[in-house]
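The values are calculated or read from the model by the stated rules, or taken from the named source; none is laboratory data. Quantities reported herein were computed from a predicted structural model and do not represent experimental measurements. Here Cβ is always computed from backbone atoms with ideal geometry, including for glycine, and neighbour counts include all displayed protein chains.
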Amino acid sequence: MIAFNSNSHRRFTLILLCLFLVWWLWLAIDPIYRNDWLLENILVLLFIGLLVGSYKHLPLSRISYMLIFLFFCLHEVGAHYTYAEVPYEAWFQSMAGQSFNRLMGWERNNFDRVVHFLYGLLLAYPVREVFLRVASVRGFWGYFLPLDLTMSSSMMFELFEWGAAELFGGTLGMAYLGTQGDVWDSHKDMALASLGAFVSMAGTALLNSYLQRDFSQEWIESLRVKQPAPLGEEEIARLLNKDNQ
């Protein structure tokens, strides 16, 4: 087993944190819609606070921190311009002299679509690490549960967006929602986040199947029934009888 070098790990995570803070401060200067920027950053600040607060007891791998860093850097770009107005088309035209959307066959600003896909692709692995280290999941569940949590959290975020849009309404609500007139926008966003997580977990499974000698046995064991007796009302009755003894 490779020894955990806490000092180099701490330096690495501190550098990432400092780089992100510089990036965050730079993009916090004069965003297109200040109120939308504030809404977009509520969950970011809560999540960063959670990562900092849990570092002592649950330091994640460098890979996980790097993936989280990349995702939040992209998110801050969307927060600065609003996802529907990130000027990647102008940037590409200034560098390549042609339309990126035309090359891709896109008819709308798809920055939000790309970031939703990357939400699953980049964050499913850190979620998997937490499941493995905290809940001790193994085999099939070590790949399915990160996918499942990514899908459910994507759904909850779409509900959060809907609630915020209903609450604030007007220009702020539309800027935050960013549907660009697509009635299936939320469904497509959730589908892309799910696809990204699936690709991440499929790639992780393929790598582990090559590196891990007991990969197949671990999958078989993870699907074996550990508790043959039914739960539900039987378990309630057992607990009541135990309390009455």
- prompt: Just checking, which of ILE15, ILE32 is surrounded by fewer than 16 Cβ atoms within 10 Å (Cβ to Cβ), in contact with a Ser or Thr (Cβ under 7 Å, 6 or more places away or on another chain) and either over 29 Å from GLN212 (Cβ atoms) or among the acidic types (Asp, Glu) (or both)?
  reply: ILE32
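Looking only at residues that are farther than 28 Å from SER152 by Cα and charged (D, E, K, R) in region 95-131, which one is surrounded by the most Cβ atoms within 10 Å (Cβ to Cβ)? Talk me through it step by step, then tell me what you get.
The initial filter retains those residues of region 95-131 that are farther than 28 Å from SER152 by Cα, namely 95-105, 107.
Applying the additional criterion that residues be charged (D, E, K, R) yields 102, 107.
Working: ARG102: 11, GLU107: 9.
Within region 95-131, the match that is surrounded by the most Cβ atoms within 10 Å (Cβ to Cβ) is ARG102.
Could you please let me know if ARG102 is of a type in the set (D, E, K, R) and either at pLDDT 95 or above or outside any helix (DSSP H, G or I) (or both)? Before you say what the answer is, go through the steps one by one.
Details: of a type in the set (D, E, K, R): yes; either at pLDDT 95 or above or outside any helix (DSSP H, G or I) (or both): no.
Criteria not met by ARG102.
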statement: Residue hits (region 202-245; of a type in the set (Asp, Glu) and touching a residue at least 60 places away in the same chain (Cβ under 8 Å)) are GLU218, GLU221
query: Here are some conditions: (1) under 28 Å from ARG224 (Cα atoms); (2) among the β-branched types (Val, Ile, Thr); (3) in a helix (DSSP H, G or I). VAL137 meets all but one. Which one does it not meet?
result: (3)
